[in-house]
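Taken together, the values in this text are just the output of simple stated rules run on the coordinates, not laboratory data. Since the model is a prediction, treat every value here as computed from it, not as a measurement. Here the Cβ positions follow ideal geometry from the backbone for every residue, glycine too, while neighbour counts run over all protein chains shown.
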Amino acid sequence: MAINIRKYQRSDYNGLIALLGKEYRSNISQQVLEKNYISSSKTILIADDNGRVAGCTFVELQTDYIRPRKIAYVTYVAVDQNLRKQGIGRSLIQRVEEICEEKHCNAIELTSANYRTEAHSFYQSLGFTRKATTLFIKET
């Protein structure tokens, strides 16, 4: 398997939405996806397995002006469940790290649901540390 980590292309939509549908129950339209997740500060990285979407992650660069620092915020890390434990997730995160270095970021942040314990171990194996934080949400 030859995995290539690259930026999203329009032709990736069907494979990406199939992956996001399985992992996150998403049915976002191509127009909404591309309008809201592709810009100078946002990108979607694709793990390309010979033209097939094997994994993805969404990255948004954010600047905190109060505590002057630049952060890469990672969301929606997903790898096809039949291809896990083959280094695809690691390759995606390594590419995020390269982007951080290129863009002079101070940190990479991501969140993960409490029940995703396997993902937590994976992130910790890559050097991420769990922070004692509490997320508050008010549904509207």
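For segment 1-96, the Cβ-based charge dipole about the Cα centre amounts to some 220 debye (Lys, Arg positive; Asp, Glu negative; other atoms uncharged).
Taking amide H positions as modeled 1.01 Å from N, with prolines and chain starts lacking one, the residues under 5 Å from GLU109 and 5 or more places away or on another chain are ALA72, TYR73, VAL74. In order along segment 72-78, phi translates into HN-Hα couplings of 9, 9, 9, 9, 6, 6, 9 Hz, rounded to whole numbers, per the Karplus curve 6.51 cos²θ - 1.76 cosθ + 1.60 with θ = phi - 60° and x for Gly and Pro.
If R0 is 41 Å, the Cβ-Cβ spacing of LYS22 and LYS138 corresponds to a FRET efficiency of close to 0.90.
Computed from point charges on the beta carbon alone (+1 for Lys and Arg, -1 for Asp and Glu), the dipole magnitude for segment 37-85 about its Cα centre is near 200 Debye. Distances between placed amide hydrogens fall under 5 Å for VAL77 paired with PHE58, all partners being 5 or more residues away or on another chain. Once both axes come from the Cα atoms, what is the angle between helix 88-102 and the longest principal axis of the chain, in degrees from 0 to 90, rounded to 10? Helix 88-102 sits at roughly 50 degrees to that axis. Coupling constants for segment 127-135 follow from the phi torsions by the Karplus curve (6.51 cos²θ - 1.76 cosθ + 1.60, θ = phi - 60°), and in residue order they are x, 6, 10, 6, 9, 7, 10, 10, 9 Hz; glycine and proline get x.
Descending by average beta-carbon neighbour count within 10 Å, the peptides 104-116, 48-60, 4-16 line up as 48-60, 4-16, 104-116, the highest first. Note: relative contact order over segment 66-140, using C-alpha pairs below 8 Å and six or more positions apart, is 36 percent.
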